[in-house]
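What follows is a single structure, written as structure tokens, with notes after it.
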Amino acid sequence: MLKTITKAFATVAIASTSLFAISIPAKAAGGGEHKIEKQNWGFNGPFGTYNRPAMQRGYQVYKEVCSSCHALEHLSFRHLGDKGGPFYDAEFPNPNDNPVVKAFAKDWTVERIDQDSGDPMDDTGIPADKFPDIFPNAIAAAASNGGAVPPDLSIIIPARTGGADYIFALLTGYDSDESHDGVYHNAAFPGGAIKMAPPLFDDLIEYADGTKATSEQMARDVTEFLAWSGDPKMEVRKTVGFATFLFLFIFALLLFMTYKEVWKDVEH
Ligand code: HEC
């Protein structure tokens with residue numbers, strides 16, 4: 001009886017090991033030329049934080065380049081000035097009062113309802129407004145982009161396997177800006193063929209802080225900005241996590257010392 005059970009176990013173990021062995025090459029082959037290199041992001045790891053100047057430049061890249069096609073539907077302008085956000089200023093804990101955020105909001109056109117006629121009208125943004133839609137609907141977005149809909153970017157990093165490394169690899173993964181019928185070759189994109197023209201090239205924008213705008217620099221900065229937009233509470237979460245850990249550690253130490261004290265005269 002015992003022998004049969006052992007035999008059955010062995011068979012299952014061997015079968016699952018060989019299945020695993022088969023599944024690895026199959027997966028690698030399916031990925032095609034999907035090339036994603038690991039980057040050394042400052043926000044990685046249990047104590048990682050966002051790089052503020054990089055996020056600020058990344059916002060500029062989004063505004064001046066990506067926003068002609070991609071929306072940030074989960075963000076309002078005021079989020080830029082939240083604690084942990086790219087333009088947080090301790091002097092203005094309420095981002096609605098932050099002059100930098102106000103100025104950025106004003107740069108955008110948003111749609112409002114005219115309070116007298118009820119008609120939609122264009123207006124300049126205020127911090128409380130959401131980032132505007134770029135296209136009225138998905139059909140219009142596809143029609144303007146060769147049949148592909150530019151996805152919303154606000155939570156693209158948590159939404160994609162490889163996260164920030166993937167987005168950076170995608171933005172730097174074009175080997176040519178020539179297309180075949182509107183399709184571009186990109187080594188990072190699954191399948192290698194994408195309907196987004198290379199959006200970045202050297203000196204495309206002029207950075208407000210004077211940093212040289214190489215295409216790689218812009219790719220890195222906009223990825224930093226999108227990492228924040230996809231997980232704006234990361235820094236708070238890590239701080240709270242560490243404080244909790246420290247508390248539990250000290251608490252455990254005190255408990256142990258109490259235990260020693262209470263039982264010190266008892267034979268055990
Ligand atoms: C001219 C329009 C246009 C611009 C500008 C543009 N994109 Fe795109 N983007 C697209 C389209 C269209 C797609 C969908 C491509 C597809 O599915 O083949 C796309 C797809 C993407 C994807 C998703 C890839 C995936 O895994 O599905 C990311 C990420 C992205 N773009 C980031 C950016 C960033 C960052 C910028 C600014 C630096 C930018 N894009 C600028 C049109 C644009």
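Each value in this text was obtained by applying a stated rule to the coordinates, not by laboratory testing. Worth saying up front: this structure is predicted, and the values here are computed from it rather than measured. Backbone-built Cβ (ideal geometry, glycine too); neighbour counts: all protein chains shown.
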Quick calc, the chain, dipole around Cα centre from Cβ unit charges on Lys, Arg (+) and Asp, Glu (-), nearest 20 debye, gives 1660
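Shape call for the chain from the C-alpha gyration tensor, a ≥ b ≥ c root eigenvalues: rounded (a/c under 1.5), prolate (a/b greater than b/c) or oblate? Let's see the in-between values first.
On the way: a/c = 2.32, a/b = 1.28, b/c = 1.81.
Oblate is the answer for the chain, as a/c is 1.5 or above yet b/c matches or exceeds a/b.
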Checked against the positive end of the charge dipole of the stretch 155-268 (+1 on Cβ of Lys and Arg, -1 on Cβ of Asp and Glu, about the Cα centre), the farthest of TYR207, TYR174, VAL240 is VAL240
Non-local residues with an amide H under 5 Å from the amide H of ALA193, with H modelled 1.01 Å from N and Pro and chain starts lacking one, are ASN186
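When ranked by the protection proxy of mean other Cβ atoms within 10 Å per residue, highest first, what sequence do the peptides 231-239, 252-260 form?
Details: 231-239: 15.0, 252-260: 9.9.
Put in order of decreasing packing, that is 231-239, 252-260.
Do you know the relative contact order of the chain, to the nearest whole percent, from alpha carbon pairs under 8 angstrom that are 6+ apart?
Details: 343 pairs, mean separation 61.8, N = 268.
Averaging sequence separation for qualifying contacts and normalising by length gives 23 percent for the chain.
Net charge within 10 Å of ASP152 by Cβ-Cβ distance, Lys/Arg positive one each and Asp/Glu negative one each, not counting ASP152 itself?
On the way: positive: none; negative: GLU73, ASP133.
Summing Lys and Arg as +1 and Asp and Glu as -1 gives -2.
With respect to the cross-link table entries LYS195/LYS238; LYS63/LYS233; LYS102/LYS238; LYS35/LYS195; LYS83/LYS195, which display a Cα-Cα separation exceeding 27 Å? Provide the component values of the computation, followed by the final result.
Working: LYS195/LYS238 37 Å; LYS63/LYS233 22 Å; LYS102/LYS238 29 Å; LYS35/LYS195 18 Å; LYS83/LYS195 36 Å.
Those over the limit are LYS195/LYS238; LYS102/LYS238; LYS83/LYS195.
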Expected sort for SER176, SER67 with the fewest Cβ neighbours (10 Å cutoff) up front is SER176, SER67
By Cβ neighbour count within 10 Å, fewest first, ARG112, ARG220, ARG57 rank ARG112, ARG220, ARG57
With a ≥ b ≥ c from the Cα gyration tensor eigenvalues, square-rooted, and the rule rounded for a/c under 1.5, otherwise prolate when a/b > b/c and oblate otherwise, the stretch 98-167 is oblate
Dividing the alpha-carbon radius of gyration of the stretch 34-193 by 2.2 N^0.38 Å, where N counts its residues, gives 1.20
Per-residue ellipticity at 222 nm attributable to helices in the chain (runs of n ≥ 4 DSSP H, -39500 (n - 2.57) apiece, nearest 500 deg cm²/dmol) works out to -14000 deg cm²/dmol
Assertion target for TRP108, TRP228, ordered by fewest C-beta neighbours within 10 angstrom first, is TRP108, TRP228
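Counting Lys and Arg as +1 and Asp and Glu as -1, what is the net charge of the other residues whose Cβ lies under 14 Å from the Cβ of PRO132?
Details: positive: LYS63, LYS106, ARG112, LYS130; negative: GLU73, ASP107, GLU111, ASP122, ASP123, ASP129, ASP133, ASP152.
Net local charge, PRO132 excluded: -4.
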